[in-house]
Amino acid sequence: MSKHHAFRATPASRVSAVALALALLPMTHVANAQRASNALAQPRPAASAQAASATSAAPVVPAAGHATGDATSTDAEVVNLAAMPAAAQAQWLSRTIKSGELAKLSDERIVARMRVIQADALVRFLKAESAALPEYQYQLTRHERINDQWQTTPDRMLVKIRETPLQIYAKWLPDGAHAGQEILYDETKRPKEMYGHLGGIFGFASIWSRIDGTLARSQSNHTVRDLGFAFIAEQIAHDGRSFRAAGLPETPARISVSEWNGVRVLALEWDAPAGPPQHYAYKSRVLLDLTTGRPRGIEAWDAAGEKVEEMRFEKVRKASWTDMTFDPKNPDYKF
């Protein structure tokens with residue numbers, strides 16, 4: 001990401017520069033998974049020089065709707081999961097995650113299960129989870145490389161979102177870059193623009209600006225519309241189509257389980273032969289919370305192996321918004 005943006009301009013240009021800080025929202029990510037009957041035996045071939053062989057894992061149990069740990073029947077049960085259609089696999093993911101069964105398994109057994117999950121099943125699952133969370137808020141920590149510069153201080157943001165129609169309020173928090181900034185986006189009013197103001201002494205005026213304009217891109221490689229968990233599922237689906245068109249496997253190059261901030265997460269990594277717009281990135285990683293199934297993070301790298309973005313999603317909670325939530329006249333806001 002870019003370094004903390006400094007605004008040195010005349011009073012008039014300062015007002016215009018408000019837009020410079022307005023569109024940053026997570027890029028939520030690209031990837032996908034596809035059915036592979038032999039996934040337990042060998043990982044998918046890497047599509048780039050950075051790809052390594054996928055983590056091999058002991059088989060896991062999917063039978064009878066329960067994630068048990070009977071090693072004697074593991075192979076047959078994983079094969080059974082691999083034979084399921086995508087819709088059934090998506091239901092299995094939802095059931096075992098919500099019941100806590102998946103999280104109770106060892107890392108190896110979780111990986112073994114995920115190796116046979118089809119790309120379409122993963123997308124179906126993520127879209128269903130997003131649909132079950134039509135209005136919500138979360139805190140975002142975002143690092144990006146802007147104009148080949150990694151920002152020194154990450155953005156910390158409070159994000160409120162309504163997925164349909166897409167409406168967004170975001171505020172930059174005190175413990176991150178660009179503290180005090182606010183933006184509002186409502187696709188029912190101005191689908192190509194957003195409303196916002198800077199923080200600090202430059203936050204004296206709010207203006208409309210293009211969501212994909214030069215000023216907006218100075219702080220993020222994404223537009224405000226890239227915010228939200230529905231975007232992540234859509235990007236995974238997009239990359240699946242891109243991999244198929246290129247004749248490449250859609251399954252992740254690497255699958256692993258780790259712990260981040262005290263939360264056990266599933267990491268799915270993809271390697272691509274090219275970056276945007278064909279693919280999300282040369283290398284990308286999506287982190288899913290094993291206890292909720294919701295995205296916990298996104299990371300991406302360029303062709304040189306340099307990280308271009310890192311997003312972390314925390315304190316996600318379901319909400320019920322009113323129209324005032326996305327109205328600049330809301331007394332809690334400073335527009």
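The values are calculated or read from the model by the stated rules, or taken from the named source; none is laboratory data. On a predicted model such as this, the values are computed, not experimentally measured, just so you know. Cβ: placed from backbone, ideal geometry, glycine included. Neighbour counts: every protein chain shown.
The set of residues from the range 194-212 being surrounded by 21 or more Cβ atoms within 10 Å (Cβ to Cβ) and more than 22 Å from residue 136 (Cα to Cα) comprises 197, 198, 209. Restricted to strands (runs of 3 or more DSSP E) entirely inside the range 276-318, those with at least 1 residues that are of a type in the set (Phe, Trp, Tyr) are 295-301, 307-318. Determine if the range 240-252 includes at least one residue that is surrounded by 15 or more Cβ atoms within 10 Å (Cβ to Cβ), assigned to a strand (DSSP E or B) and either in contact (Cβ under 8 Å) with a residue 12 or more places away in the chain or among the aliphatic types (A, V, I, L, M) (or both). No, the conditions are met nowhere in the range 240-252. Which of the residues that make up the range 82-92 are surrounded by fewer than 24 Cβ atoms within 10 Å (Cβ to Cβ) and assigned to a helix (DSSP H, G or I)? Selection gives 82, 83, 86, 87, 88, 90, 91, 92. The residue of the range 213-239 that is surrounded by the fewest Cβ atoms within 10 Å (Cβ to Cβ), among those that are among the polar types (S, T, N, Q) and closer than 22 Å to residue 180 by Cβ, is 218. Pairing residues of the range 303-328 that are within 26 Å of residue 162 (Cβ to Cβ) with residues that are of a type in the set (Val, Ile, Thr) and part of a strand (DSSP E or B), at Cβ distances under 6 Å and at least 6 apart in sequence or on separate chains, gives 311/298; 312/141. Being in contact with a helix residue (DSSP H, G or I) (Cβ under 9 Å, 6 or more places away or on another chain) and among the acidic types (Asp, Glu), is that true of even one residue in the range 120-130? Looking for residues that are in contact with a helix residue (DSSP H, G or I) (Cβ under 9 Å, 6 or more places away or on another chain) and among the acidic types (Asp, Glu), one finds at least one in the range 120-130, hence yes. Looking across the range 213-229 at every residue that is out of contact with any Leu (no Cβ under 8 Å at 6 or more places or on another chain) and either at pLDDT below 90 or of a type in the set (Val, Ile, Thr) (or both), the one that is farthest from residue 130 (Cα to Cα) is identified as 214. Scanning the range 170-196 for residues that are in a strand (DSSP E or B), among the charged types (D, E, K, R) and more than 11 Å from residue 157 (Cβ to Cβ) turns up 186, 193. Filtered by the rule that a residue be surrounded by 14 or more Cβ atoms within 10 Å (Cβ to Cβ) and out of contact with any His (no Cβ under 9 Å at 6 or more places or on another chain), the range 168-188 gives 168, 169, 170, 171, 173, 176, 179, 184, 185, 186, 187. Across the range 178-197, not a single residue is classified as closer than 23 Å to residue 128 by Cα and modelled with pLDDT under 90.
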